[in-house]
Every structure is written in C-alpha cells, then in structure tokens.
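Okay, structure first, notes after.
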Amino acid sequence: MNFDQGELDLSGNGSDAGHRKWLRDLEERKRAFELRYGVIVGRRVRVQLSGELNPMEGMIHVVSQKPGLPVAKLRLIMGKREFGPTDIESIVRLDDS
C-alpha cells in the first residue's frame, strides 16, 4: 500500500474541501494499516529486527501492495533490507526535526 498518493475526487465545487477530505482519508487508511500490522510507515524510525545486533534507522516502505494480506506475507523494506512485521522486535518513531 502506497500512502504517498491516494485517489483524488475532482467532483468538488472549487473549494479545497475535497483536498482536505482526501488528506484525511489517506491518513485514516495509513493509521489503520499501522495499527493492523504494528509498523510505522513514511516516518523516520529506529527498528530492532530479530537476530540482529544493531538497530536500523530510516523509513519503512511497503513492498507488497495487496489489501488484506496476512501479516506473515507482508513485506517491508528499509534501505536495501527487506523484512516482515513479524521480524520486528521493537520500533520507535524518531523526531521529525
């Protein structure tokens, strides 16, 4: 699932209400995804993976994009490292500054 872009409804009346709704809907979908899979996407995080000595820092992106994918089949990527949500021992959101 790509949360950088969603579907934009252009049937509005010229105000920015449609754009605000689109942003809200996109944020709600992202939050639901994060709650379901226990990951933080699109923000800088520190991740400790099972069996790894050192944590990684960066942004997690979703590789597989099928909606409703079981957690065991979901694939994530940070840099060049691909992993699944079940490989994550801990995840901490870093300050956006």
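Laboratory data are not the source of any read-out in this text; all were calculated from the coordinates shown. Owing to the predicted nature of the structure, the values given are computational and were not obtained by experimental measurement. Neighbour counts run over all protein chains shown; Cβ positions are idealised from the backbone, glycine included.
Determine the relative contact order of region 17-93: mean sequence separation of Cα pairs under 8 Å and six or more apart, normalised by residue count, in whole percent.
The normalised contact order for region 17-93 reaches 29 percent.
Determine, for each peptide in 47-58, 32-43, the mean count of other beta carbons within 10 angstrom over its residues, then list the peptides with the highest first.
The packing order, highest mean first, is 32-43, 47-58.
Within the P(r) computed for region 17-93, what percentage of the Cα pairs occupies the region above 21 Å?
It works out to 29 percent of all Cα pairs.
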